1. Show the residue pairs meeting these rules: Cβ distance below 6 Å; 6+ apart or different chains; first residue within segment 241-266 and at pLDDT below 95; second residue buried (at least 16 other Cβ atoms within 10 Å of the Cβ) and among the hydroxyl-bearing types (S, T, Y).
2. Among the numbered conditions (1) of a type in the set (F, W, Y); (2) surrounded by fewer than 19 Cβ atoms within 10 Å (Cβ to Cβ); (3) more than 24 Å from Q306 (Cα to Cα), tell me where F176 comes up short.
3. In segment 55-79, which residues are within 30 Å of L165 (Cα to Cα) and either part of a strand (DSSP E or B) or out of contact with any helix residue (DSSP H, G or I) (no Cβ under 9 Å at 6 or more places or on another chain) (or both)?
4. Being buried (at least 18 other Cβ atoms within 10 Å of the Cβ), of a type in the set (S, T, Y) and in the same structural domain as G76 (by TED's automatic domain parsing) narrows it down to one residue among T259, T277; which is it?
5. Touching a Leu at 6+ places or on another chain (Cβ under 8 Å), surrounded by fewer than 22 Cβ atoms within 10 Å (Cβ to Cβ) and either more than 19 Å from E321 (Cβ to Cβ) or free of Cβ contacts under 8 Å to residues at least 60 places away in the same chain (or both), is that true of P210?
6. Six or more apart or on different chains, Cβ under 6 Å: which pairs go from a residue in segment 189-200 that's surrounded by 15 or more Cβ atoms within 10 Å (Cβ to Cβ) to one that's part of a helix (DSSP H, G or I)? Could you list them?
7. What are the residues in segment 182-202 that are under 25 Å from I289 (Cα atoms) and modelled with pLDDT of 95 or more, if any?
8. What are the pairs with Cβ atoms under 9 angstrom where one residue, in segment 47-63, is touching a residue at least 40 places away in the same chain (Cβ under 8 Å) and the other, located anywhere, is of a type in the set (D, E) and in a helix (DSSP H, G or I)? Sequence gap at least six, or different chains.
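The values are calculated or read from the model by the stated rules, or taken from the named source; none is laboratory data. Just so it is clear, the structure is predicted and the values come from calculations on it, not from any experiment. All Cβ positions, glycine included, derive from the backbone under ideal geometry; neighbour counts span all protein chains shown.
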Amino acid sequence: MLKKILISLFAFLNLSSTLVFGATDWPTKKPIRLIAVFPAGGSVDAVARVLAPALQSYLGQNIIVENIGGASGVIGTNALVNADPDGYTFAVVFDTHGVNPSLKEKLPYDYKKDLANITLIGTSPMVLAASKASGITTFKQVIEESKSGKASSYGSIGAGSLGHLAMASLALKQGFPWTHIPYKGGGPMMQDALAGHIPLAVGSIYLIKPHADSGRVIPLAVTSPKRNKDMPNVPTIAENGFPGFDAPAWWGVIGSAKTPPDILKKMNEAVIHVLKTPEIAKKMDEQGIDIIAGGPEVFNPFLEKQMSIWGKFVIDNKIKEN
């Protein structure tokens, strides 16, 4: 009996020491997995791959970026939830993360109980662009044709993305006959836009600007209240007769809520540190991202506000996934 008690006590102490001291060892046990919740070729993938080598250098541990796309980020987020919450799996999410709870009939996770908001990376205007084959050259032309009843369609990186909802809100308020075409990420959407399969596409500056600079698509308008310094000649939707229009894309790093709090804190500190280095700040700026580098105290209320605005819009207007 004494032997059994001693064995049980040893096992308890061993477990306790793992819980207490696990964070002090982090991250020395194995590579860190950073899930990009959209396919390669889009802004989420790009942000993850900018962060990864910088975090690897700062933390002294390998960072492996893994693309797990689908369902507007839900599949990748669920992979995070189902991973061992030992502090070696995190995810980079996009603005769809704040809309999915209202858009999806049933999420495979509880966004409040299962997830921890670690760092709000930053925000960026989105750009509405026209394919060369569409014959559209200005946003004014789009509006005039829409007012006359001409039907049109626009692609977005996924149902519930801010690009989708921004255009849907405009269409609903103005009675424009627009049809939304959801894609499984920015890469597939831009392939169809470049091929002329869709007349309009909405995405982040990172996604649209290279193709606009090469003349392969025509940038029509940005979704920010003011013109963007990276595309100063592109007007805002607001200045085209829709004052107050503002719909920013955003990116963040999240983890499992079951991860030891000390590790979540260290990961936040690491992400903020690398975001503030000149090299990473420059790379983010080149992608059109205005860095916020905010921890949970910033990320949590920001997400709640986004959900209250766009989640409510989804529910009130019965926006569906397709």
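1. Close Cβ pairs satisfying both conditions: A247/T223; P248/T123; A249/S124; A249/S204.
2. Status for F176: all satisfied but (2).
3. Within segment 55-79, the subset within 30 Å of L165 (Cα to Cα) is 65-79.
Once the filter is applied, which keeps residues that are within 30 Å of L165 (Cα to Cα) and either part of a strand (DSSP E or B) or out of contact with any helix residue (DSSP H, G or I) (no Cβ under 9 Å at 6 or more places or on another chain) (or both), segment 55-79 yields V65, E66, N67, I75, A79.
4. Details: T277 fails: buried (at least 18 other Cβ atoms within 10 Å of the Cβ).
Just one listed residue meets the conditions, T259.
5. Here the answer is no, as P210 does not meet what is asked.
6. I198/D192; P199/S134
7. Result: M189, M190, Q191, D192, A193, L194, L200, A201, V202.
8. That search, which allows pairs on different chains as well, returns A54/E279.
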